[in-house]
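J.: Can you read through this structure? Questions will come right after.
Every number in this text was worked out from the coordinates using simple rules, so none of it is lab data. What you see is a predicted model; the values in this text were computed from it and never measured. With ideal geometry, Cβ positions are generated from the backbone for all residues, glycine too; neighbour counts draw on all protein chains shown.
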Amino acid sequence: EVQLVESGGGLVQPGSSLKLSCVASGFTFSNYGMNWIRQAPKKGLEWIALIYYDSSNKYYADSVKGRFTISRDNSKNTLYLEMNSLRSEDTAMYYCAKGRTGDWGQGVMVTVSS
Amino acid sequence: DVQMTQSPSYLAASPGESVSISCKASKSINTYLAWYQEKPGKTNKLLIYSGSTLQSGTPSRFSGSGSGTDFTLTIRSLEPEDFAVYYCQQHNEYPLTFGSGTKLEIK
C-alpha cells in the first residue's frame, strides 16, 4: 500500500523559513517524479513544485519560484520542500503527491502569521 | 496555464440516484483528465485518470468520459460513502491544474 506522510508544518512568522518532509513507502520511490501541491483555506488546489525521479529537473509555480526549493533523497525515500521568505499567502495545507496522477499524503498545515 | 472549470460547485442527491459532474479545460488536454475524491480525515483518492481509466479499486459505478476540453464524471446508483468532494485535475502538462471542486451532499 502506498503511503506518503508529510511532516514539518507549523506556525511561523512572515519572512521566516520552514522545511517540509514527505516519507514515502509502498512503492519504488526512486522511479517516480514527485510533486508538492497546496490548498489555502477556502481556496482551490495549487500545484507548486515538481522534481524528477532522479532530481535532474525541478519546476516551480511562479508564486513560489525563487523562495521554495524542492529536493529528494532517494536513499531515504523522502521528498522535501524548503520554504524561505514565507508570506501570509503561503498559509495552506501542503500535500506531497506521487507522479502526475496518483497517491497523495494526508497533508501538513503551514500557517504564516505574526 | 490550463484553466479548469468545474460545475456544479454543489450537488444534492439521494442514495440510489445518478449524478454527473462537468469539467471543462481552457484548451485541449487530449484525454489527460483525472478525478479525485476528498473525504474528511482521509487522503485524496484518485478515482479515474486519462479521462476514463478507473484506478484500481474504484467501484464500477464511477465512470469518466470526454476528450479535448469537455469531461464528465458520472456516479451511478449513489452509495452513502460517495458523498464527498470531487475534484478534476488535468495531467496533460505542467503546471498541473485543478477544478474548484464539487461538494456532493445527501438530499
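J.: Springs between alpha-carbon atoms under 10 Å, Gaussian network over chain B: tell me which of B:Ala13, B:Ala25, B:Ala34 tops the mean-square fluctuations.
T.: Looking only at B:Ala13, B:Ala25, B:Ala34, the biggest GNM fluctuation is shown by B:Ala13.
J.: For the stretch B:1-60, which chymotrypsin sites (Phe, Trp or Tyr not before Pro) pass both filters: DSSP loop (anything but H, G, I, E, B) and at most 15 other C-beta atoms within 10 Å? Intermediate results must be reported in sequence, preceding the final value.
T.: Values: sites: B:Tyr10, B:Tyr32, B:Trp35, B:Tyr36, B:Tyr49; in loops: B:Tyr32.
When the chymotrypsin sites (Phe, Trp or Tyr not before Pro) of the stretch B:1-60 are filtered for loop state and at most 15 Cβ neighbours within 10 Å, nothing remains.
J.: Shifting gears a bit: Taking the Cα atoms of chain A, report the difference between the largest and smallest coordinate on each principal axis, in whole Å and largest first.
T.: So the three principal-axis extents are 40, 26, 23 Å.
J.: Pairs to check: B:Lys27/B:Lys103; B:Lys24/B:Lys107; A:Lys19/B:Lys24. Give those whose C-alpha atoms are more than 30 Å from each other in this structure. Display every interim value, and only then the final one.
T.: On the way: B:Lys27/B:Lys103 25 Å; B:Lys24/B:Lys107 26 Å; A:Lys19/B:Lys24 35 Å.
Going by Cα-Cα distance, A:Lys19/B:Lys24 fall outside the 30 Å limit.
J.: Then there's this: Take the Cα atoms of the stretch B:8-56, build their convex hull, and give its volume per residue in Å³. Write down the numbers at each step before the final one.
T.: Values: hull volume 6.1 nm³, N = 49.
That works out to 125 Å³ per residue.
J.: To the nearest 20 Debye, how big is the dipole of chain A about its Cα centre, given +1 on the beta carbon of each Lys and Arg and -1 on that of each Asp and Glu? Could you put the intermediate results ahead of the total?
T.: On the way: 12 positive and 10 negative charges, 38 e Å.
Charge dipole, chain A, about its Cα centre: 180 debye, nearest 20.
J.: Out of B:Ser52, A:Tyr53, A:Gln13, whose Cα points farthest toward the positive end of the dipole of the protein assembly as shown (charges: +1 Lys, Arg; -1 Asp, Glu; placed on Cβ)?
T.: My answer, from the dipole projection, is A:Gln13.
J.: No solvent, one uniform scatterer per C-alpha: report log10 I(q)/I(0) for chain B via the Debye equation at q = 0.17, 0.19 1/Å, two decimals.
T.: Values returned for q = 0.17, 0.19 Å⁻¹ are -0.71, -0.88.
J.: Gaussian network model of chain B, Cα springs within a sub-10 Å range: biggest mean-square fluctuation belongs to which of B:Gly68, B:Gly16, B:Gly41?
T.: Sorting by GNM fluctuation, first place goes to B:Gly41.
J.: Can you tell me the relative contact order of chain A? Whole percent, Cα pairs under 8 Å, sequence separation 6 or more.
T.: Working: 283 pairs, mean separation 41.6, N = 114.
Value for chain A: 37 percent.
J.: If you don't mind, another one. Consider all pairwise Cα distances in the stretch A:10-57 and report the whole-number % of them above 15 Å. Provide the component values of the computation, followed by the final result.
T.: Numbers: 710 of 1128 pairs.
That tail contains 63 percent of the Cα-Cα pairs.
J.: Related question: Taking the alpha-carbon distance from A:Lys65 and a cut-off under 19 Å, which aspartates and glutamates remain once sequence neighbours fewer than 8 residues away in the same chain are dropped?
T.: Counting by Cα, and skipping residues close in sequence, A:Lys65 has these aspartates and glutamates nearby: A:Glu46, A:Glu82, A:Glu89, A:Asp90, B:Asp1, B:Glu93.
J.: Semi-axes of the protein assembly as shown's equivalent ellipsoid from the Cα gyration tensor, sqrt of 5 times each eigenvalue, largest first, rounded to whole Å? If you can, show how the numbers build up before the last one.
T.: Details: eigenvalues 175, 70, 58 Å².
Square roots of five times the eigenvalues give 30, 19, 17 Å.
J.: Got a sec to turn the phi values of the stretch B:75-81 into Karplus ³J(HN,Hα) couplings, 6.51 cos²θ - 1.76 cosθ + 1.60 with θ = phi - 60°, whole Hz, x for Gly and Pro?
T.: Karplus-based 3J(HN,Hα) across the stretch B:75-81 equals 10, 8, 6, 3, 9, x, 6 Hz.
J.: Need one word for the stretch B:36-97: rounded, prolate or oblate. Basis is the Cα gyration tensor (sqrt eigenvalues a ≥ b ≥ c); a/c below 1.5 gives rounded, then a/b vs b/c decides. Can you show the working numbers first?
T.: On the way: a/c = 2.01, a/b = 1.33, b/c = 1.51.
Because a/c hits 1.5 or more and a/b fails to exceed b/c, the stretch B:36-97 counts as oblate.
J.: Treating only the Cβ of Lys, Arg, Asp and Glu as charged (+1, +1, -1, -1), what charge dipole size does the protein assembly as shown show about its Cα centre? Round to the nearest 20 debye.
T.: Values: 21 positive and 19 negative charges, 37 e Å.
Magnitude of the dipole: close to 180 debye.
J.: At a Förster distance of 30 Å, what's the computed FRET efficiency of B:Ser7 paired with A:Lys58, Cβ-Cβ distance as r, to 0.05? Please list the in-between numbers first.
T.: Numbers: r = 34 Å, r/R0 = 1.14.
Result of the calculation: an efficiency of 0.30.
J.: Any idea what the relative contact order of chain B is, in percent, if you count C-alpha pairs under 8 Å spaced at least 6 apart?
T.: Value for chain B: 39 percent.
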